[in-house]
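Some notes on the structure that comes next.
The values are calculated or read from the model by the stated rules, or taken from the named source; none is laboratory data. What you are looking at is a predicted structure, and each value in this text was computed from that prediction instead of being measured. Cβ placement follows ideal geometry from the backbone for every residue including glycine, while neighbour counts extend to all protein chains displayed. Each accessible area value is taken on the protein alone, full model and side chains, heavy atoms only, with ligands, DNA and RNA left out. Shrake-Rupley method; radii C 1.70, N 1.55, O 1.52, S 1.80 Å.
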Amino acid sequence: MKLSYIYYKIVRGALRLNFPHAKTVYEEQPDSDPAIFVSNHSAVIGPVMMTLDFKRKHQTWAVGNALDSKKAANFAFHDIFFGNSRRCKWFWRMLSRIVAKGLPPLLYYSDTIPVYHDKSIVKTFKQSVKALTEGDDLVIFAESPKRYSEFVCELQPGFIDVARLYYRKSGKAIKFYPVYLEKKNAVISVGKPVAYDPEQPLDEQRGMIAEYLRDNIDRLARALPEHKPVPFLPERWYSAYGMYEDDVYGYWKMIDDTGSDKSE
């Protein structure tokens, strides 16, 4: 057995001890066809809960930088530790390099599909369509830094293009389900879906589908017992990277361009 797999199982077990078993509550029970589940991120809580407790067979979109051994350290410095906001940056650079060693195996064994922020996004779409045609669902955390409410940020709509590609391959119109995850109540709330319409222009549907999912993630959150939401990004991120709130691609370009991972 590979050491990387043993490491993955140890970390998964540790997370299981710290996360209560979550139940999934559907407003409308999905059928057996593959679907796309779009969730709030809630820092690391969303990916962990979906990995541990979402029972439908699925593959999850994950940031490609975290799976790339050459880019993972710089990704960790900016996107996990918010390094630009820190003093003693040399320390956070060192810690980022340590964390970067553990990220790729964790994500690899968690059935992830790498997401790229350049022309390599074509690979993401191909792998996603393959997963769907083989019967797996997709789980996507699509929030952008642009704030919308205390429960969810605005969604980046690019993931919706998978629907057209999947329709061309299968002849089936896929459904998108809004999902709200919350650790305190240990619940994965899944709202009623919205379906891709192959008869309508994709350009018109991107905004409509993204708004439907955003609004219903927010609605699902407000329907739960009172709880303190965990935002996608903390205030520390906005104080250090606020210029990227409306420029997510600029943010990822900055991370790629400063990928030398040098101590400061």
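If you take Rg and Dmax of the Cα atoms in Å from the coordinates, which of [x] 23.1, 78; [y] 21.2, 71; [z] 18.2, 55 do you get?
Derived directly from the coordinates: [z].
Considering only the chain, what is the antiparallel percent among its DSSP beta bridges, to the nearest 5?
30 percent
Taking θ as phi - 60°, what are the ³J(HN,Hα) couplings along the stretch 229-238 by the Karplus curve (6.51, -1.76, 1.60), each to the nearest whole Hz, with x for Gly and Pro?
x, 9, x, 4, 10, x, 4, 4, 5, 5
Give the angle, between 0 and 90 degrees and rounded to the nearest 10, that separates the Cα long axis of helix 3-18 from the longest principal axis of the Cα atoms of the chain.
Taking the Cα atoms of the chain, the angle to 3-18 is about 70 degrees.
Using only protein heavy atoms and a 1.4 Å probe, report how much of TYR116 is accessible, in Å² to the nearest 10.
Taking all protein chains as shown, TYR116 has close to 70 Å².
What residue among LEU233, LEU224, LEU132 shows peak mean-square fluctuation when the chain is described by a Gaussian network model with Cα springs under 10 Å?
Its mean-square fluctuation being the largest, the pick is LEU224.
Where Lys and Arg each count +1 and Asp and Glu each count -1, what net charge lies around LEU3 among other residues with Cβ under 14 Å from its Cβ?
Residues close to LEU3 contribute a combined charge of +3.
What are the lysines whose alpha-carbon lies under 20 Å from the alpha-carbon of LYS175, with same-chain residues fewer than 8 places away excluded?
Answer for LYS175, where 20 Å is the Cα cut-off: LYS55, LYS57, LYS126, LYS130, LYS192, listed by chain and number.
Could you size up the charge dipole of the chain around its Cα centre, putting +1 on the beta carbon of Lys and Arg and -1 on that of Asp and Glu, and report it in debye to the nearest 20?
Roughly 1240 debye, rounded to the nearest 20.
Can you give the accessible area per residue of the chain, in Å², using a 1.4 Å probe?
52 Å²
Which lysines does LYS119 reach when only Cα atoms under 18 Å apart count, and residues fewer than 8 places away in its own chain are ignored?
Of all the lysines, those that pass the test against LYS119 - Cα under 18 Å, at least 8 places apart if same chain - are LYS71, LYS253.
Expressed in nm to one decimal, what extension gain is obtained for the pair TYR108 and LYS2 from 0.36 nm per residue of sequence separation less their Cα-Cα distance?
36.9 nm
Summarise the accessible area of the chain (1.4 Å probe, protein heavy atoms) by the percent that is carbon and sulfur.
Summing carbon and sulfur atoms, their accessible area is 55 percent of the total for the chain.
Please list 3J(HN,Hα) in residue order for the stretch 99-115, calculated via the Karplus relation 6.51 cos²θ - 1.76 cosθ + 1.60 where θ = phi - 60°; whole Hz, with x for glycine and proline.
3J(HN,Hα) across the stretch 99-115, in whole Hz: 4, 4, 5, x, 5, x, x, 4, 6, 4, 7, 9, 6, 9, 10, x, 10.
Which whole-number percent is the relative contact order of the chain (Cα, under 8 Å, 6+ apart)?
Relative contact order, the chain: 29 percent.
In whole Hz, what ³J(HN,Hα) sequence does the stretch 169-186 give by Karplus (6.51, -1.76, 1.60; θ = phi - 60°), x for Gly and Pro?
Whole-Hz 3J(HN,Hα) from phi for the stretch 169-186: 7, 10, x, 10, 8, 7, 9, 10, 10, x, 9, 10, 10, 8, 6, 4, 8, 6.
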